[in-house]
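Undergrad: Questions regarding the structure given below will be posed in turn.
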Amino acid sequence: MCYVYILECADKTLYTGWTVDLDNRIKVHNKGKASKYTRARLPVKLVYVETYDNKIDAQRREWQIKQLTRKEKLRLLAKYKSTIR
């Protein structure tokens, strides 16, 4: 299983990534070891996740999300939050 995720950083910016071990990846981000971008913006919290069967699909979706504007990402997050309640 592969995961595409969005993190909200301490400065309210958004970071998008993919992984095969979501729990560990978030821990590594919060230790300042996963990404140069998030290292300077700790702590981070998980605000969005999608699952995929393979890494190619996950990487493709990560790229698609990274092409979105901040406003579009916030709409995606709002839609996601409304589905998990």
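Undergrad: Using θ = phi - 60° and the Karplus form 6.51 cos²θ - 1.76 cosθ + 1.60, what ³J(HN,Hα) does each residue of region 42-53 get, whole Hz, x for Gly and Pro?
TA: 7, x, 10, 9, 6, 10, 7, 8, 10, 10, 9, 7
Undergrad: How many Å³ per residue does the convex hull of the Cα positions in the chain occupy? Write out the running numbers ahead of the final one.
TA: On the way: hull volume 8.0 nm³, N = 85.
Taking the convex hull of the Cα positions in the chain, it is 95 Å³ per residue.
Undergrad: Before rounding to the nearest 500, sum -39500 (n - 2.57) across all DSSP H runs of length at least 4 in the chain and divide by the residue total; then give [θ] at 222 nm in deg cm²/dmol. Don't jump to the answer; show the numbers that get you there.
TA: Numbers: 4 runs with 40 residues, N = 85.
It comes out at -14000 deg cm²/dmol, rounded to the nearest 500.
Undergrad: Using a simple spin-label model with points 7 Å from Cα along the Cα→Cβ vector, what separation in nm is obtained for Lys31 and Leu46?
TA: So the two model labels end up 1.7 nm from each other.
Undergrad: What per residue convex hull volume, in Å³, do the alpha-carbon atoms of region 38-80 yield?
TA: Numbers: hull volume 4.4 nm³, N = 43.
Each residue corresponds to 101 Å³ of Cα convex hull volume.
Undergrad: So which lysines pass the test for Lys36, namely a Cα distance under 24 Å, with those fewer than 8 places away in the same chain ruled out?
TA: Correct list for Lys36: Lys12, Lys27, Lys45, Lys55, Lys66, Lys71, Lys73.
Undergrad: For a Förster distance of 30 Å, can you work out the FRET efficiency between the beta-carbons of Asp11 and Asp57, rounded to the nearest 0.05? Could the numbers behind the result be given before it?
TA: Details: r = 30 Å, r/R0 = 1.01.
Using R0 = 30 Å, I get an efficiency of 0.50.
No value in this document is a laboratory result; all are computed from the given coordinates. Note that the structure is a prediction, hence the values are computed from the model and not measured. In this analysis, Cβ positions are derived from the backbone assuming ideal geometry, glycine residues included, and neighbour counts consider all displayed protein chains.
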